Amino acid sequence: MKQEKFGSNGPQVSVIGQGTWYIDRGDRKSAVAALRRGVDLGMTHIDTAEMYGDAELVIAEAIAGRREEIFLVSKVLPSNASRRGTITACERSLKRLNTDRLDCYLLHWRGSYPLQETVAAFEELVASGKIRSWGVSNFDADDLDDMLAVSGKGKIACNQVLYHLQERAIEHAVIPWCEQHGVAVVAYSPFGHNDFPSPRGEAGATLQTIADAHGASPRQIALGFLTRKSEVFAIPKASSAEHAADNAAAGKLTLDDSEISALDQAFPRGPKPRGLPML
């Protein structure tokens, strides 16, 4: 599994990690097995959020006895992101995850509380050892400008955003901003939302051809394309151990320039949207 530096001041983190949205909706035993298999195969970056129902409880079971291996991330809801509310939400997540610290803690999206309040809480949590770093999610470039003005240089570890083959809007401004400022980009929903390209379509056929050339699955090629830049990480969700193994294999893939160009043409990024797409 390839690892890259997570932001300008972060540790080396697995390029392919594990998302957990809706992981609590299916079979609990299968979800735990999927997470454990992913960790076994090097997907030690596990992402969750207080919004994700009982996902934090599923993760706690999956990583029991293995906390030192894990880069663990959770998120605070904007409605809780006052100074006191952020600290309370973090402590609640720590309890549910059965751990004493998070490796990164994110503001899930920008809300009505001033960023100054949330940043003050994040810095207090860092000082107390409850989080090791902090970042944001669903922030467009102008939001990132605002956060940088509040926090100062080198504080924002990552920006977690929607990114998949058919939704490449972040390539216009968000990825360049993050590159410039040493901020990791974390791609959520990297296979889209129940609309992964079919090999029966022209674009999907291109994806399948490249997959066949690598002896890989189309989903592995998609992950390889999304993480072609060193600052981009992806957090696909897996509902089974087999699915987790398929995702993990993408962490060894390298696409050549001609393959990247073919995918770029098959799945054009399109014009810059007026707002940042998000789920």
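The values are calculated or read from the model by the stated rules, or taken from the named source; none is laboratory data. Please read all numbers here as calculations on a predicted model, not as lab measurements. Positions of Cβ are backbone-derived with ideal geometry, glycine not excepted, and every protein chain shown enters the neighbour counts. Only protein heavy atoms, including side chains, enter the accessible area calculation; ligands, DNA and RNA are left aside. Shrake-Rupley method; radii C 1.70, N 1.55, O 1.52, S 1.80 Å.
Residue under question is Phe267, and the condition is that it be among the aromatic types (Phe, Trp, Tyr), open to solvent by less than 30 Å² (accessible area, probe 1.4 Å) and closer than 15 Å to Leu165 by Cα; does it hold?
yes
What's the total number of residues in the stretch 44-54 that are more than 18 Å from Gln160 (Cα to Cα) and either touching a strand residue (DSSP E or B) at 6+ places or on another chain (Cβ under 6 Å) or of a type in the set (Gly, Ala, Ser) (or both)?
Residues meeting the conditions: 1.
Quick check on Tyr105: is it surrounded by 18 or more Cβ atoms within 10 Å (Cβ to Cβ), of a type in the set (Ser, Thr, Tyr) and more than 20 Å from the chain's Cα centre (by Cα)?
Criteria not met by Tyr105.
Determine the pairs where a residue that is open to solvent by 30 Å² or more (accessible area, probe 1.4 Å), located within the stretch 47-71, has a partner that is outside any helix (DSSP H, G or I) and of a type in the set (A, V, I, L, M) with Cβ atoms under 8 Å apart, the partner being 6 or more residues away or on another chain.
Matching pairs, first to second residue: Glu50/Val76; Glu50/Leu77; Met51/Leu77.
Kindly provide the set of residues from the stretch 75-102 that are farther than 17 Å from Asp47 by Cα and open to solvent by 70 Å² or more (accessible area, probe 1.4 Å), ordered by number.
Ser79, Arg83, Arg84
I'm told Gln160 meets every condition in (1) surrounded by 21 or more Cβ atoms within 10 Å (Cβ to Cβ); (2) of a type outside the set (A, V, I, L, M, F, W, C); (3) over 27 Å from Thr44 (Cβ atoms) except one. Can you identify the failing condition by its number?
Status for Gln160: all satisfied but (3).
Kindly state which helices (runs of 4 or more DSSP H) lie completely within the stretch 67-157 and contain at least 3 residues that are touching a strand residue (DSSP E or B) at 6+ places or on another chain (Cβ under 6 Å).
83-97, 115-127
If the requirement is being within 16 Å of Ile46 (Cα to Cα) and either surrounded by 20 or more Cβ atoms within 10 Å (Cβ to Cβ) or in contact with a Cys (Cβ under 9 Å, 6 or more places away or on another chain) (or both), which of these qualifies: Ile235, Ile210?
Within the list Ile235, Ile210, the selection yields Ile235.
Looking only at the stretch 119-137, how many residues end up being β-branched (Val, Ile, Thr) and buried (at least 23 other Cβ atoms within 10 Å of the Cβ)?
Result for the stretch 119-137: 2.
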